[in-house]
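Take a look at the structure below.
Since every read-out is calculated from the coordinates, none of them should be taken as a lab result. Just so we're clear, the structure is a prediction, and the values are computed from it rather than from any experiment. Here the Cβ positions follow ideal geometry from the backbone for every residue, glycine too, while neighbour counts run over all protein chains shown.
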Amino acid sequence: MEAVVALAPARGLNAAACAALGISRASVHRHRARARRPCAPARHPKPKRALTTEQRLAVRDLMRDPPFVDLAPAEIYAGLLDQGTYHCSIRTMYRILGEHDETRERRRQLRHPVYQKPELLAEGPNQSLPRRRPGCGPGTSPS
């Protein structure tokens with residue numbers, strides 16, 4: 001591969017070399033393009049209108065306040081606009097929550113218990129107790 005990439009890209013020379021070595025011409029072109037590309041992408045400058053660290057912390061603390069803790073960022077945004085205050089966009093609220101790993105469901109919800117498969121208790125044919133559920137059966141009182 002390196003030998004074909006090192007060749008000058010003359011007309012027909014690449015095709016013949018690739019055919020002789022059984023290499024795809026597209027792979028050679030990709031290799032050449034990678035070699036010409038700079039190693040590290042350029043860093044983008046911070047936008048002038050970006051929130052400062054103090055403002056980001058204030059928005060995060062606002063979203064953690066008891067009236068807003070169970071609400072989605074869109075609902076918080078709408079509620080704050082109704083009160084006449086604007087801190088940042090909905091997307092910025094999601095970015096701030098994402099920085100602190102808080103982008104999960106914000107409401108408190110019950111978790112379903114792990115389902116246990118009923119086990120078969122019959123040891124022979126025609127027995128009347130085909131299944132037992134955990135917590136049911138002899139020795140347990142109905143609640």
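How would Ile23, Ile76, Ile90 line up from fewest to most surrounding beta-carbon atoms within 10 angstrom?
Ordered from fewest to most neighbouring Cβ atoms within 10 Å, Ile23, Ile76, Ile90 come out as Ile90, Ile23, Ile76.
Taking a ≥ b ≥ c as the square roots of the eigenvalues of the Cα gyration tensor of the range 53-99, is the shape rounded (a/c under 1.5), prolate (a/b larger than b/c) or oblate?
rounded
With θ set to phi - 60° and the Karplus curve 6.51 cos²θ - 1.76 cosθ + 1.60, what are the ³J(HN,Hα) couplings of the range 38-52 in order, to the nearest whole Hz, using x for Gly and Pro?
Using θ = phi - 60°, the values come out as x, 5, 10, x, 5, 7, 7, x, 5, x, 5, 8, 5, 5, 6 Hz.
Select from the range 1-74 those trypsin sites (Lys or Arg not before Pro) which occupy a DSSP coil region and have at most 11 other Cβ atoms within 10 Å, ordered by residue number.
Sparse-neighbourhood loop trypsin sites (Lys or Arg not before Pro): Arg11, Arg43, Lys48, Arg49.
Taking 0.36 nm per intervening residue step and subtracting the Cα-Cα distance, what contour gain separates Arg25 from Lys48 on full extension?
Contour length minus the Cα-Cα distance gives 3.7 nm.
As a footprinting exposure proxy, order Thr52, Thr103, Thr92 by other Cβ within 10 Å, with the fewest listed first.
Going from least to most buried by this count: Thr52, Thr103, Thr92.
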